[in-house]
Amino acid sequence: MTRKKPVITIDGASGTGKGVVGQLVAKQLGWNLLDSGALYRVLALAAQKHGVSLENEPALQVLAEHLDVQFKATETGTAPEILLEGQNVTHDIRTEKMGNAASKVGALPSVRIALLSRQRAFREAPGLVTDGRDMGTVVFPDADLKIFLTATPEERARRRYTQLKEKGINVNLGSLALELAERDRRDQERSVAPLRPAVDAVCINTDHLTIDQVVEHIMLEYRKIFSISH
Ligand code: C5P
């Protein structure tokens, strides 16, 4: 029997830094990267494009099953280009509107099931680093290392605000904080795959840590698990 490829999962709420941390860890290891949130965002955009209501679960399930999405690798460890039906949507999916719509489609059980095998297919040699909400609990329960990142709601809203500003997306900090709180509540309270740490996850509070310090902490855990002494 061939051993399954190694996986590191990084879960947490919006604004904990898991996306950029995941990219840097994947880069250091030279492993594949899956930003699972992007899949939910692309599905939300596809629904908008095809006029499918976010409440219409059967239609969203069909859309998820047939979603024509491609992650086009640019350079190892950097964010890939994302194509929906051949069209570059890398930037279009990053708005808060799409984040909220993603959280609505992500609360639907049949949609999550439809996206499961697609996510697991990213587990290829030499290994996978993946970030999301349920990577360690549902999608890769046998992951070699599970990380759960936390930060206060204020800190997360501030980080998200800076991130969106840098991308040239105009937002208001107050309404952003409210939207994030609403999205967190939905992600934590949904009946399937709610946002929570796996029992065997290493939890890291990132409030007073830089991105590099979080990456270093994860690499330390990785070396412990894989018995690497450097
Ligand atoms: O991480 P990101 O902000 O891109 O995720 C957008 C939304 O997609 C989240 O608020 C969450 O509701 C949903 N999501 C999910 N499961 C994942 C990743 C994202 O439900 N594994």
(request) Compute the FRET efficiency between E154 and D68 as 1/(1 + (r/R0)^6), taking r as their Cβ-Cβ distance and R0 = 25 Å, and round to the nearest 0.05. (result) 0.05
(request) Using θ = phi - 60° and the Karplus relation 6.51 cos²θ - 1.76 cosθ + 1.60, list the HN-Hα couplings for the stretch 200-205 in order, rounded to whole Hz, with x at every Gly or Pro. (result) 9, 7, 8, 8, 10, 7
(request) Return the calculated 222 nm mean residue ellipticity for the chain, to the nearest 500 deg cm²/dmol, obtained by summing -39500 (n - 2.57) across DSSP H runs with n ≥ 4 and dividing by the residue count. (result) -14000 deg cm²/dmol
(request) Compute the length gained on full extension between A59 and E166: take 0.36 nm times their separation in residues and subtract their Cα-Cα distance, giving the result in nm to one decimal. (result) 35.0 nm
(message) Please check: in the Gaussian network model of the chain (C-alpha springs, under 10 Å), which one of I218, I147, I113 has the largest mean-square fluctuation.
(response) I113
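What relative contact order, as a whole-number percentage, does the stretch 56-113 give when Cα pairs under 8 Å and 6 or more residues apart are counted?
Values: 46 pairs, mean separation 18.3, N = 58.
Across the stretch 56-113, relative contact order equals 31 percent.
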(message) Show log10 I(q)/I(0) for the stretch 1-64 at q = 0.12, 0.15, 0.21 Å⁻¹, two decimals, from a solvent-free Debye sum over equal Cα scatterers.
(response) -0.48, -0.67, -0.87
(request) Report the dimensions of the stretch 36-148 along its three principal axes from the alpha-carbon atoms, largest first, rounded to Å. (result) 39, 29, 24
(message) Suppose each label sits 7 Å from its Cα in the direction of the beta carbon; what would the K49-A181 distance come out to in nanometres?
(response) 3.5
(request) Straight distance only, please: which aspartates and glutamates reach the Cα of K72 with their own Cα at less than 19 Å, same-chain residues fewer than 8 apart left out? (result) D35, E81, E85, D92, E124, D131
(request) Taking amide H positions as placed in the peptide plane 1.01 Å from N, state which residues far from L33 in sequence (5 or more) or on other chains have amide H under 5 Å from it. (result) V129
(request) Any lysines with Cα under 19 Å of the K97 Cα? List them, leaving off those in the same chain fewer than 8 positions away. (result) K49, K165, K167
(message) Report, to one decimal in Å, the Kirkwood hydrodynamic radius for the chain based on all distinct Cα pairs.
(response) 17.9
(message) How much length would be gained if the chain were fully extended between Q213 and V199, taking 0.36 nm per residue of separation minus their Cα-Cα distance, in nm to one decimal?
(response) 2.7 nm
(message) For K4, give me every one of the lysines with a C-alpha distance below 20 angstrom, ignoring sequence neighbours fewer than eight places off in its own chain.
(response) K146, K224
(message) How much length would be gained if the chain were fully extended between K224 and R118, taking 0.36 nm per residue of separation minus their Cα-Cα distance, in nm to one decimal?
(response) 35.2 nm
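Read-outs throughout are calculated quantities, based only on the coordinates presented, and are distinct from any laboratory measurement. Every value quoted in this text rests on a predicted model; they were computed, and no experiment measured them. Counting neighbours? That spans all protein chains shown, and the Cβs are built from the backbone with ideal geometry, glycine included.
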